Amino acid sequence: MFNPSRDEVRRFFIDTWRKQRDGGILTPLEAIAADWIVEHPEYHADLADDATASADYAPEAGRTNPFLHLSMHLAISEQLSIDQPPGIRAAHDRLAARLGSTHEAQHAIMECLGETIWEAQRNNTPPDTDAYLARIERRASKD
């Protein structure tokens, strides 16, 4: 199982953005990450600054952590690519149709993922994939 450290994750995104800007050759995972980075111009300056690799993005500071946000996009992209948990791809597609954007659908799923992770941490249990998918399904079926 791939379990990178916080510093490795941050370095991955910073290096990916540098390679993208320089026209470098990207690995398949870097290409997916670069696509999400392009979708988030508000993070470009952070990712162009090596000092952000050690920056603190505490919620109290009122700044979104670009590394966490982009990591969640990558996780959701992977889940969609393998339809895991089963049914997430169809729920995503319904959500994207309802919201008019795959990007907005990912942000809605991101909220569901965050809630699922928070619940697992609070209860000291593995993430409940059934509850996660149910949260996404509820979002996808709202009128």
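The values are calculated or read from the model by the stated rules, or taken from the named source; none is laboratory data. Values in this document were obtained by computation on a predicted structure and should not be read as measured data. Neighbour counts are summed over all protein chains in view; Cβ atoms, including those assigned to glycine, are modelled from backbone coordinates with ideal geometry.
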Open item on the list: Residue under question is residue 71, and the condition is that it be of a type in the set (Gly, Ala, Ser) and exposed (fewer than 14 other Cβ atoms within 10 Å of the Cβ); does it hold?
Closed with: no
Open item on the list: Could you tell me how many of the residues in region 65-91 are within 21 Å of residue 34 (Cβ to Cβ) and outside any loop (DSSP other than H, G, I, E, B)?
Closed with: 17
- [ ] Answer with yes or no whether residue 53 is in contact with a helix residue (DSSP H, G or I) (Cβ under 6 Å, 6 or more places away or on another chain), closer than 21 Å to residue 108 by Cα, not assigned by TED's automatic domain parsing to the domain that holds residue 140 and not β-branched (Val, Ile, Thr).
- [x] no
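So that you can scan it fast, the table gives a plain yes or no per residue for (1) without any contact (Cβ under 8 Å) to a residue 60 or more places away in the chain; (2) surrounded by 13 or more Cβ atoms within 10 Å (Cβ to Cβ); (3) not assigned by TED's automatic domain parsing to the domain that holds residue 102:
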| position | (1), (2), (3) |
| --- | --- |
| 9 | no, yes, yes |
| 19 | yes, yes, yes |
| 22 | yes, no, yes |
| 26 | yes, yes, yes |
| 33 | yes, yes, yes |
| 37 | yes, yes, yes |
| 43 | yes, yes, yes |
| 46 | yes, yes, yes |
Open item on the list: Checking the structure you have, find out if any residue of region 118-133 is in a helix (DSSP H, G or I), within 19 Å of residue 36 (Cβ to Cβ) and not hydrophobic (A, V, I, L, M, F, W, C).
Closed with: no
- [ ] Please go through region 102-143 and pick out each residue that is touching a Leu at 6+ places or on another chain (Cβ under 9 Å), over 13 Å from residue 91 (Cα atoms) and of a type in the set (Ser, Thr, Tyr).
- [x] none
TODO: Would you confirm whether any residue within region 106-128 is of a type outside the set (Val, Ile, Thr), more than 15 Å from residue 76 (Cα to Cα) and either in contact with a strand residue (DSSP E or B) (Cβ under 8 Å, 6 or more places away or on another chain) or in contact (Cβ under 8 Å) with a residue 40 or more places away in the chain (or both)?
DONE: no
